[in-house]
Amino acid sequence: MNKTKTWETLHQTALKAPLSSGVYLWRNQDKTVIYVGKAKNLKNRLCSYFSGQKNIKTRLLIAHAVSIEYITTSNEYEALLLENNLIKKYSPRYNINLKDGKSYPVLRITKEEYPRIFRTRRILQDGSSYYGPYPDVGALDTFIETLFKLYPVRRCRIFRKRDTPCLYYHMKQCKAPCCDKISNKDYNEFISEIKCILEGKNEKAIENITAEMKKAASELNFEKAARLRDGIKALMILMNQNIVENFDSEDRDYIAHAREGELVSFTVLKIRQGKLLGRENYRVESLNEDSELIGEFMNAYYEDSAHIPPRIYVPTTDEYALVSRWMSETYPDVKCQLEITGNGEKAEAEKDIAAMNMARQNAKEDITRRLRERGDMPALKELKELLNLDTLPVRIEGFDIAHIGGKWPVASLISFYNGNPDKKNYRYFRLKTTDGYIDDFASMREAVTRRYSRLLNEQADMPDLILIDGGIGQGNAVEGILQALGLDIPIAGLAKRDEEIYRPGNSVPICLPKRSDALRLLQRVRDETHRFATSRNQELRTKENTKSVMLKIPGIGEKRLQLLQKEFVTLENIASQPEAAIAQLLHIKGTKAAEILMHAKMLLKKQQENKELQRQSLGAAGTTKEKAAEATYISSLADEALSAAENKPDYEA
């Protein structure tokens, strides 16, 4: 593989990476890991390697790399810990001068008559309790200081009996167990509460500290309130779930899978000596039921008893008893417990669920990569046969409409190429003919007219299939526009309710099995059109809600708007004022005031008309008059589109 092709392959991997946090590994031609990095956003971080000027180390890294792998995590905290573990495991060439290799600090509660709490990097098997690790040292120190403010436990390194207590006792920050000012039982009640907070068992920990903070503020003790506030922030950071590293030294595997049609990807997270040392992905094709997949995979995966850990966690499966029996009979000398994720005590169950979610997320990401690599050809071939298409639907374009009660109507256009999203060809249309009232058929007709009249004018390639989010009504509306434009493009409508496929002019739907590759592809296109339309509609609502309608009046800017709103409040009040009142308030001539009043009345009238249209559209739809006007409407749209070769239609990208 030449350097140019390798660079392009690496770049494409970066562009298709997920937006989640995680760790990425660069490998050379020998499959050796040469660099490990973490990212809050994998796609953004990996793409940064291929843009702008880079230093010599980065250029050397790209020159020696042939592939990029990544492991997604739930948050940046886990990514940081996993990065540290993988660097120690692989000792990558380009990490040598970048990482110091030291471990992250933990919080230790000693095993003594009167335990001590402090931060350390050393793990001793002396019966002490350890919590962490915590990459954010500052947050850990702030949290420990907050604990000392809330719980009067000792701070001295060496505990010895004294005759007089130290300064911390007089400051009411220690109960002086060294002077027998507190019993062992009462002292260890404080320690038990602290352990509950650290283990996440005390659900009211933050509420209790918040109450103390408010009490301090009400007593005007703002310094204490500020300390407690910082403690709450630190506690929230430390309470992040972490399944990448803990102090349970028992080895275990977490197995999850994801499937698309016959494609199945398995992910195995391997926890060894309390640390996640990586994950393994396995790709198979299977027509088995989901409940049968775990047993089938384990039968092939665990061939060597030396590689079987004491515990294996799997999702809920109907074959739990069967797989457990197989494990015990196949490997009678191996002590291995098959566990259903989520069983057990609350704290442990939450960690297991978090680990299984991480495994499942990585399996889903691998399925996505597989679909991109193969181009989802089985789904395209199945679609061609089911819909009786002349050619393979390599290019599919989907439409959807989004509005709120007829306001801010938007049509989305998304494009799939070879069964995968082609985002550079996504478009949206700010609809004009249905602004203010509800008519999804008219909205769909406008969007399709604007899209394909432009492609006609530019003599661009047409799609192989158009997918409409809706049933036969929406399909017929689009079919009428295409016929008027002289286009012969296959159309399919996917109805949400029963996932039925409708073709124009045919009221009998096509019903596909849930695992059909063709149905899965159409659902992906439909869901993407909905997401894209809804997000754009949200943007318009936000923009509109932050902008006054009165700014549409010529001659009214921000300063004049403030004066008008302060004096008259609403558009209705402005429109009812005499010219002299407007002229006097804005210090303008009477003619200019008359012009402003005229536009205000026109704007108010338009608002009232839109409200009336919206009210009518919420009633019975599809009157005889409306149906009679439909053919005329389609014809006029087509004539307008075809005559616009020199003047391209209004189109938003």
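List of remarks:
- Accessible-area composition of the range 394-488, carbon plus sulfur, in percent [1.4 Å probe]: 44 percent
- Zone residues, the range 137-171, relative to residue 120, backbone N less than 15 Å from point 7 Å out along Cα-to-Cβ: 155-159
- Accessible area per residue, Å², the range 358-464 with all protein chains present, probe 1.4 Å: 40 Å²
- Over all orientations, the range 148-188 has a Cα convex hull whose mean projected area works out to 2.8 square nanometres.
- Surface accessible to a 1.4 Å probe, per residue, for the residues of the range 470-523, Å²: 45 Å²
- Prolate/oblate/rounded call for the range 408-555, Cα gyration tensor, a/c under 1.5 rounded: prolate
- The modelled label-to-label distance for the pair residue 305/residue 56, using points 7 Å beyond Cα in the direction of Cβ, is 5.6 nm.
- Per-pair calculated FRET efficiency, R0 = 51 Å: residue 527 and residue 572 via Cβ, rounded to 0.05: 0.75
- Label-point separation, residue 329 to residue 89 (7 Å along Cα→Cβ), nm: 3.4 nm
- Among beta bridges that DSSP assigns inside the range 449-584, antiparallel share in %, nearest 5: 55 percent
- The stretch between residue 15 and residue 394, if pulled fully straight at 0.36 nm per residue, gains 134.3 nm over its current Cα-Cα span.
- Per-atom-type breakdown for the range 132-185 gives carbon and sulfur 51% of the accessible area (1.4 Å probe, protein chains only).
- The distance separating the Cα centre of the range 64-98 from that of the range 385-423 comes to 38 Å.
- Remark on residue 277: its backbone amide H falls under 5 Å from those of 270, 272, a criterion applied only to residues 5 or more positions apart or on other chains, H modelled at 1.01 Å from N.
- Neighbour net charge for residue 309 - beta-carbon separation under 9 angstrom, K R +1, D E -1: +1
- Positive-end residue, the range 428-553 charge dipole about Cα centroid, Cβ charges, pick of 453, 470, 529: 529
- ³J(HN,Hα) computed for each position of the range 449-458 - Karplus, 6.51 cos²θ - 1.76 cosθ + 1.60, integer Hz, glycine/proline x: 4, 5, 5, 8, 5, 5, 4, 5, 4, 8
- Full-extension gain in nm, residue 64 to residue 609, via 0.36 nm per residue minus C-alpha separation: 189.5 nm
- Local electrostatic count at residue 587 - Lys and Arg +1, Asp and Glu -1, tallied over other residues with Cβ under 12 Å: +4
- When each of 5/38; 559/592; 424/514 is checked by Cα-Cα distance, pairs over 27 Å: 424/514
- Per residue solvent-accessible surface (Å²) - the range 1-145, probe of 1.4 Å: 51 Å²
- Here the gap between residue 559 and residue 350, fully extended at 0.36 nm per residue and compared with their Cα-Cα distance, gives a gain of 69.7 nm.
The values are calculated or read from the model by the stated rules, or taken from the named source; none is laboratory data. This is a predicted model, so every value here is computed, not measured. Every residue, glycine among them, receives a Cβ derived from its backbone with ideal geometry; neighbour counts consider all protein chains shown. Quick note on the areas: whole protein, heavy atoms, side chains included, nothing else; ligands and nucleic acids left out. Shrake-Rupley method; radii C 1.70, N 1.55, O 1.52, S 1.80 Å.
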